[in-house]
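Heads up: the structure comes next, in structure tokens.
The values are calculated or read from the model by the stated rules, or taken from the named source; none is laboratory data. Being a predicted model, the structure only gives us computed values, none of them experimental. Please note: Cβ atoms are built from the backbone with ideal geometry, for glycine as well, and neighbour counts cover all protein chains shown. The protein model used for the area step is the full one, side chains on, heavy atoms only, and it has no ligands, DNA or RNA in it. Shrake-Rupley method; radii C 1.70, N 1.55, O 1.52, S 1.80 Å.
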Amino acid sequence: MTRAVLLFVLLAGPAAAQGPEFTVSRVPLTGRETFLAVVIVAMMLCGLASFFLSGRVAARTQTAFAMFVVLIGGFALLVLFGGFIYDHPLAAIGLLFLLIGLFKLMNQFESARRGGDRTDGR
Amino acid sequence: MSQSPRSLYFVNWWIDAAAIGGLSIAAFVIARLLADGGTRAIELAQAGAILSVFVNYPHFSATIYRLYENPDSARQFPVTAYALPFVLLGAVAASLWQPALIAPYFVLLFLIWSPYHYSGQTLGITMIYARRAGFQVERWQRLALSTFVFSIFVVALAHRQQRTEPTTSHGVTLPPIPFPDWFAPVATAVMWAGAAVFLWFVVDWCRKHRRMLPPIVLLPAASQFIWFMPGMKTAAFYEFVPLFHSLQYLFIAWAMQISLQVGREGQERSWRAIRAVSMKWGLWNYAGGIALFIGLPWLFMWVSVPTATIVGVLIAAVNIHHFFVDGVIWKLRHTSSASPLMTNVTDLAAHPRPASA
């Protein structure tokens, strides 16, 4: 055990002296990365709006902000990975059905869901 | 919801049938017989562009008018009314900021969403007339009809992507989506299966009720089939499909507006009142359409992006806004939407009968 500790100290010492291998990245962002950052901020803002409005607005209003998160996230994925469908026919079908699902979901945007909107006093 | 209309039609057979799809079918027949492509197709495209100002543009404005017509309407859907425009403005800004990376996908989203939206409207209008005709559309009938109507959109999309060259649309270039070869035939089979099952329900209803189902109930779905299946192969006609979709919409939206404004308690019921409400509504929507499709792009002309791309991105944004607003204001399960859609405009022109003692 003592030998193992000594070996670790001997090997780790010089390695530490070489400086850290991983450091904070200071490489300028590409257009795609900047877009992704903007999308993350937009999704966070929608999430915060949904959180802070909880209990103050109708459930369907709060849910609408959650739907924005899905819409913005879905669009970002389309932008970032949409090019994939042009090389993969099956992915094209997958994308079409995902988009239909998205449209169907958005069709329920700000609508009272079945089962009642308990906080909606109207 | 159990309210029963006196008439099957909002106005009468001719006007309803023409607006809901009859005119489009007649135009398709004429286009097939007369259009010879080439110069004539260009002239028709120009005619389509001019008609857009009077039909297509106002149809977008009509949803906005209904949402913002009074503060109560907007307050009823606060996220749609106040937050959605900013989200879409963000998408426009992103598309113009990185036109090569983002704009093509924003336009692609709109181009796929648009025929889906047409299908939704076809289904909605069928439900309106089915209800007026007393034809119960239960879960299975609706599933069969939806399968037919939405498959039309999928089949049309699959066929349209069978080209090999990229196309330029709305200021962006889009390569064809390479669906597998088997996809279009399978989707076509699903479409016909949906049609067959729905027609079986129709025949069953006719047999049980010992009468024909009024054809107008089937007209929206038949029109959509013409628009996207044989219509797609007739360029001179296909140019006008958005116009016929808009005409359908404007007709129902106009009937709704008349019912809400003229049919209210204490309001005068006469043709004069109907004309006055129609004029105001029509002028607002005409001006709104101009603002949306000419004024709004003009505001962005300072951006150093090709004009076609600016206009294309803004058209996509206005359309997507319309798809959202349309979704919230036309929910038929909301009594406020369903009841006016059961009225007849002719009835609203007549003074209500005094209640018998």
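Scanning chain B for chymotrypsin sites (Phe, Trp or Tyr not before Pro) that sit in a DSSP loop and have at most 15 other Cβ atoms within 10 Å, the longest stretch containing none of them is B:1-181.
Computed with a 1.4 Å probe over protein heavy atoms only, the accessible area of B:Ile320 comes to about 0 Å². The mean count of C-beta atoms from other chains within 10 Å of the C-beta of residues in A:96-102, rounded to a whole number, is 4. Per-residue surface analysis assigns B:Met212 an accessible area of about 150 Å², computed on protein heavy atoms at 1.4 Å probe radius.
Each of B:Met256, B:Gly288, B:Trp298 was placed along the dipole of segment B:218-314 (beta-carbon charges, centred on the mean Cα), and the one lying farthest toward the positive end is B:Met256.
Applying both filters, DSSP loop and at most 16 other Cβ atoms within 10 Å, to the trypsin sites (Lys or Arg not before Pro) of segment A:44-113 gives A:Arg56, A:Arg113.
The share of accessible area on segment B:62-190 that comes from carbon and sulfur is 63 percent, using a 1.4 angstrom probe.
In segment B:101-125, comparing the full protein assembly with the chain on its own, the residues that lose 10 Å² or more of accessible surface at a 1.4 Å probe are B:Leu101, B:Ile102, B:Tyr105, B:Phe106, B:Leu108, B:Leu109, B:Ile112, B:Trp113, B:Tyr116. Averaged over the residues of B:314-324, the number of partner chain Cβ atoms lying within 10 Å of the residue Cβ comes to 1.
When each full DSSP H helix of chain B is screened for a Cα extent of at least 18 Å along its own axis and an average Kyte-Doolittle hydropathy of at least 0.0, the helices passing are B:38-54, B:84-97, B:103-133, B:139-160, B:183-209, B:241-262, B:271-290, B:307-329. Summing both sides, the accessible surface hidden between B and A at a 1.4 Å probe radius is close to 3400 Å². Applying both filters, DSSP loop and at most 16 other Cβ atoms within 10 Å, to the trypsin sites (Lys or Arg not before Pro) of segment B:68-164 gives B:Arg163.
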